[in-house]
Each structure stands twice: as structure tokens, then as C-alpha cells.
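To start, the structure under review is shown below, and the notes come after it.
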Amino acid sequence: METYEPRAMAFGAYTMVFYLRLTCLPQEERGALLRRVDEISDSIWLLEPHYWAKLEESLFARDAGCVLIRHADVMVGYSFYQRLHVDGARVVHRITTSLLPEHQGKGLYTAITGRIIATEQQAAGDEPLYVTLRTSNPISWAANAKWCTVMMPHPDPSKTDMALCELGRQVAQILFPRDPLEIPSMVLRGTYASIAYREPQHHATPEIDRMFFQNPTLSSQDAFFAIGKVRRFASV
């Protein structure tokens, strides 16, 4: 049995509690955790009731980790991620990350991302590390892209990396087998048919924002399946 050893890290007025393995969470605490995850998600997303609680069995069956964000001893955010090996490549998939609106814009998403990537890069050693996420949020795309040599899709079509797109297709086929992925656009068709942001999330950089909101290939029910190759020795 795995040891229950969360690690707490301070970030300003916040505490990030890091679980390298979701299976380290005691069985009796999982239901309450996912109920709080649903409460936080509901402030940002339009989802069916108890969306994450219903996924408890499949979520905890994965090779996954999580970061919980606490403020004044109250959980105000979370991030779940999954580890995969695909065609010899080591991949970290960002399952979901959300913060209560009043705690957004404080650098927490970047801090979470950096900690996850640094931890998984250390475990990878000399192996290349890739990060993926399903997203319709340009802020999330940019926060992950900053750790990568290149991220697909890219606002500049001349930077398209077909080998990276192909690896993304293989990963997406494992994670979202019912949702067809188009390459090189990296559009995952119909994957957000039953979920949506309550308010659109915009990025201050025009070319990044246009890729999401002025893209004729992307409908409200679609999302990008983004993939990036992580820079070696990324610092946090």
C-alpha cells in the first residue's frame, strides 16, 4: 500500500498541498474532497450536478496526482493531473484545474503548473517530458506553453510541429476515445458538448486570444487538445 504523505508548500497567503499519488488520499476523505471540487467547479463551469463526484471511481483508478489550494484553512482551488507513457513518451495530462473567482489572477495557476512540471521532470530524468490539456481557455494554454519549447496548436501556423501533433493524437485517443481530434488544428470535436465556462476566459495577448475566439474551426462545443514538449531543466 502506498504511503499517505502529502507535501505542503507556502505560496504567499496560500498553501499548496501536493499529493504525488491520488491513491495516497484515504478512501474516507475522497467523497468530501470531490464534493468540494464540485462546489468550486460550479462557480466557474456550467456542469451537470455532482460532475466530479460521479467520476470518483475512474479518477482514483488513474496514475494521477493532485494539488489542493488552501486559504485560511479553506480549500479554494485544485488541480488534478495524470501520468501516461505513450509510444515511448512520458506525458503529464492536466485533467482539470479550477480556482474560486476571488482567488484568480494571483499567480496560483502558474505556481501549480510549475510545481507539477518540476516534480514530473525530476522523475523523468533524461527522458523528454510532454504536457497535454483539453482546453477552451487561452489563459490555461499560455500558462502551460510558457514551460514548453513549443505548444500545439500554435498561434503562428508556421511553427506547426507535425510530430508533436501526432503524439497529441495518440494521447487524445487514449483519454477521449469518443471525441475525434483533427490535426494539425488540434480541435477535439464535441468534447465540450455538455460543459461550458460561465464567463469566457480571455488572454491579454491578441494573437493567443484570437486563436480561441476568432477561430472559424472552433465551435462552442469543441476544445483544443494542446500538447507541448517541456523545456529541459525548467525552473520554478
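The values are calculated or read from the model by the stated rules, or taken from the named source; none is laboratory data. Predicted model only: the values in this text are computed from it and were never measured. With ideal geometry, Cβ positions are generated from the backbone for all residues, glycine too; neighbour counts draw on all protein chains shown.
Screening region 103-142 for residues that are free of Cβ contacts under 8 Å to residues at least 24 places away in the same chain and within 17 Å of F11 (Cα to Cα) and picking the one that is surrounded by the most Cβ atoms within 10 Å (Cβ to Cβ) gives Q104. Here V74 meets the list (1) touching a helix residue (DSSP H, G or I) at 6+ places or on another chain (Cβ under 7 Å); (2) of a type in the set (A, V, I, L, M); (3) at pLDDT 95 or above almost entirely, failing just condition (1).
If the condition is being assigned to a helix (DSSP H, G or I), without any contact (Cβ under 8 Å) to a residue 24 or more places away in the chain and within 18 Å of the chain's Cα centre (by Cα), then region 170-218 contributes only Q173. For region 166-177, the criterion of a residue being farther than 24 Å from I112 by Cα, β-branched (V, I, T) and out of contact with any Ser or Thr (no Cβ under 9 Å at 6 or more places or on another chain) is satisfied by at least one position.
Among the residues of region 116-139, those identified as farther than 24 Å from H202 by Cα and charged (D, E, K, R) are E120, D126, E127. One residue alone among A61, A32 is farther than 28 Å from E102 by Cβ, hydrophobic (A, V, I, L, M, F, W, C) and free of Cβ contacts under 8 Å to residues at least 40 places away in the same chain, and that residue is A61. Those residues that are surrounded by 15 or more Cβ atoms within 10 Å (Cβ to Cβ) and in contact with an Asp or Glu (Cβ under 6 Å, 6 or more places away or on another chain), I need them from region 191-213; list them, please. T191, H203, listed by residue number.
If you go through region 10-30 and keep only what is more than 18 Å from the chain's Cα centre (by Cα) and modelled with pLDDT of 95 or more, you end up with A10, F11, G12, A13, Y14, T15.
Which one is surrounded by the most Cβ atoms within 10 Å (Cβ to Cβ) among residues in region 222-236 that are assigned to a loop (DSSP other than H, G, I, E, B) and within 18 Å of the chain's Cα centre (by Cα)? Filtering region 222-236 for residues that are assigned to a loop (DSSP other than H, G, I, E, B) and within 18 Å of the chain's Cα centre (by Cα), the one surrounded by the most Cβ atoms within 10 Å (Cβ to Cβ) comes out as D222. For region 7-34, a residue qualifies if it is surrounded by 14 or more Cβ atoms within 10 Å (Cβ to Cβ) and of a type outside the set (A, V, I, L, M, F, W, C), and the qualifying residues are Y14, T15, Y19, R21, T23, R30.
Evaluate region 41-54: report whether one residue or more is among the hydrophobic types (A, V, I, L, M, F, W, C), assigned to a helix (DSSP H, G or I) and touching a strand residue (DSSP E or B) at 6+ places or on another chain (Cβ under 8 Å).
For region 41-54, residues among the hydrophobic types (A, V, I, L, M, F, W, C), assigned to a helix (DSSP H, G or I) and touching a strand residue (DSSP E or B) at 6+ places or on another chain (Cβ under 8 Å): absent.
Restricting region 54-74 to residues that are within 23 Å of I195 (Cβ to Cβ) and more than 18 Å from the chain's Cα centre (by Cα), the residue that is surrounded by the most Cβ atoms within 10 Å (Cβ to Cβ) is K54. Of the residues making up region 187-236, those that are of a type in the set (A, V, I, L, M) and touching a Lys or Arg at 6+ places or on another chain (Cβ under 7 Å) number 3.
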